[in-house]
Amino acid sequence: MKRLRSWVSGLRSRLVLAFAAMTLVGAGAAAGASYVSARTTILAGVQDPAMLQLRDEVTAYLPQMTLPPDQQQLENLAHTLKGTTVVVFGALRSSTGFDPASLPAELRREVAQSLSIQFQRVVVDGRPELLIGMPVLRYRSSGREHTGVEVYKKVSLDAQEMAIDQLATRAWQMTALALPVAVALALLAASHVLRPVRALNSAARKLGDGQLDVRLPAKGSDELSQLVTTFNHTAAELERTVGSLRAMEADARRFVADVSHELRTPLAAMNAVTDVLDEDASQLPADTAVAARLVSAETRRLTRLVQDLVEISRFDAGRAELRAEEVDVAEVVSGSIAARGWTAEDGIHAELPPGVTAFADPRRLDLVVANLVGNALRHGAPPVTVRLTADAATVTLEVADHGPGIPAEMLPQVFDRFTKADTSRARSEGSGLGLSIARENARLHGGDVEAANTVNGAVFTLRLPRLPRVSPEDR
């Protein structure tokens with residue numbers, strides 16, 4: 001049914017229907033015009049000779065008639081006329097023929113008032129007839145005048161009506177036969193016209209799928225050929241632009257990776273120095289101690305930023321490795337929280353039922369938990385609830401805070417890199433990479449992380465498959 005609706009609404013069906021409709025209209029108009037012309041010719045072929053014959057017969061008998069005529073003269077005139085005729089003079093009429101009362105009043109009136117022969121086609125009891133009425137005239141010096149004598153004649157049109165019906169039947173039969181021919185021609189024309197359109201559609205689909213080198217041969221000089229030329233030009237420009245952007249993106253990623261790796265060595269030395277300063281801060285003057293602690297905090301923050309950049313560069317380069325093993329998820333989560341020194345006094349409320357296992361990389365799962373819980377503590381408000389649930393196929397970890405929540409306009413971008421919500425939250429100390437790293441690690445496992453708001457704050461939900469991922473090579 002869907003394919004039928006698609007075909008009916010497609011360009012091919014519209015071309016076929018338009019072509020067939022035009023053919024039907026043209027054939028119908030031609031058939032109608034031919035029918036009217038032939039009908040007129042057929043009727044004129046019997047009407048004109050009958051009128052001429054009646055006029056000649058009356059004219060031939062007119063010298064023998066005395067006016068006003070009596071009944072005998074009416075009878076004599078009627079006997080000289082051929083066909084079904086009747087002669088009328090006032091209240092007198094010939095005994096032969098038909099009753100003048102059956103004639104249409106309009107025809108009687110026109111014959112009585114005119115000086116020329118009249119006719120009218122009627123249908124009597126389902127049979128067509130031609131009625132001819134002729135006034136008998138006499139000629140005087142002043143011109144022609146009506147003698148009061150009227151002659152009427154009936155001519156059957158059965159044979160002509162039959163011929164007309166046969167003609168109409170043939171005309172509509174030819175019109176019906178023209179329809180399949182028109183449809184066949186329309187399909188042929190549509191196939192010829194739509195072939196380049198289908199090629200363009202296929203090429204556009206490939207272009208949308210990332211195959212930027214797709215091109216089409218331009219043939220001829222019509223509008224479709226011009227469209228193909230435009231498509232090829234657009235595809236070439238798009239390939240050039242995307243190539244430039246990809247090169248710039250690769251350069252930027254390589255620069256970030258190189259800088260991050262280069263910063264690790266001096267940062268290691270700086271961290272060693274700041275650790276010493278932290279230990280001796282109590283022996284330093286007050287202002288010096290404050291400065292030392294500030295340098296130590298900023299050094300640690302810079303170290304975390306560099307570590308996050310190194311991690312992101314691995315994902316960008318496709319070098320992130322997953323070393324999955326069967327782990328107790330509750331143990332990994334509780335260990336991650338404990339390793340950061342987060343306790344119930346910090347507002348952490350953990351619901352971690354034991355025995356929930358999954359195939360995961362412990363180090364990467366630790367990073368995900370650390371980023372989600374750390375984000376809740378930095379940008380939300382306690383208590384922060386960490387709840388672990390599972391079913392037969394999926395492990396779900398929810399991290400919910402009681403802060404102001406995530407602005408609705410930021411929800412779609414909350415996992416983007418360097419995204420911060422410090423305009424709507426009290427503190428923003430992170431690098432803006434934590435949530436992005438968490439999602440990349442979750443997707444590396446075959447899972448995902450989602451963000452939403454509740455009535456109390458924000459909630460981040462991590463879902464991981466319990467079974468190991470099967471790569472296409474292992475299938």
### Query
Between I406, F418, A297, whose Cα lies farthest towards the positive end of the dipole of segment 291-448 when Lys and Arg beta carbons carry +1 and Asp and Glu beta carbons carry -1, centred on the Cα centre?
A297
### Message
With N set to the number of residues, divide the alpha-carbon radius of gyration of segment 41-113 by 2.2 N^0.38 Å and report two decimals.
### Response
1.17
### Query
If we sort 267-273, 318-324 on the protection proxy, mean other Cβ atoms within 10 Å, highest first, what's the order?
267-273, 318-324
### Lysine pairs within the chain, Cα separation less than 29 Å, 8 or more sequence positions apart or different chains
4
## Note on the structure
the chain: Kirkwood hydrodynamic radius (Cα pairs, Å) comes out at 33.7 Å
### Message
Considering the Cα positions of segment 224-316, please state its Rg to one decimal place and its Dmax as a whole number of Å.
### Response
24.2, 84
### Query
Which angle from 0 to 90°, rounded to the nearest 10, does the C-alpha axis of helix 223-279 make with the longest principal axis of the chain?
20 degrees
### Query
Hey, what angle do you get for helix 71-80 against the long axis of the chain, alpha-carbon based, 0 to 90 degrees rounded to 10?
60 degrees
### Message
Calculate the FRET efficiency for E279 and A344 from the Cβ-Cβ distance with a Förster distance of 35 Å, rounded to the nearest 0.05.
### Response
0.80
### Task
With an 8 Å cut-off on Cα pairs and a minimum separation of 6 or more residues, tell me the relative contact order of the chain in percent.
9 percent
#### Entry: Residue-span extension gain [R138 to L17] - 0.36 nm each, minus C-alpha spacing
37.0 nm
### Query
Summing -39500 (n - 2.57) over the DSSP H runs of n ≥ 4 in the chain and dividing by its residue number, what mean residue ellipticity at 222 nm do you reach, to the nearest 500 deg cm²/dmol?
-19000 deg cm²/dmol
### Relative intensity, log₁₀ I(q)/I(0), of segment 322-474 from a Debye sum that treats every alpha carbon as a point, q = 0.18, 0.19, 0.21 Å⁻¹
-1.05, -1.16, -1.39
### Query
Just the Cα atoms of segment 22-154, one point each, no solvent: what log10 I(q)/I(0) does Debye give at q = 0.21 Å⁻¹?
-1.28
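No lab work stands behind these numbers, since they all come straight from the coordinates. These figures come from a predicted structure and were not determined experimentally. Heads up, the Cβs are rebuilt from the backbone with ideal geometry, glycines too, and the neighbour counts pull from every protein chain shown.
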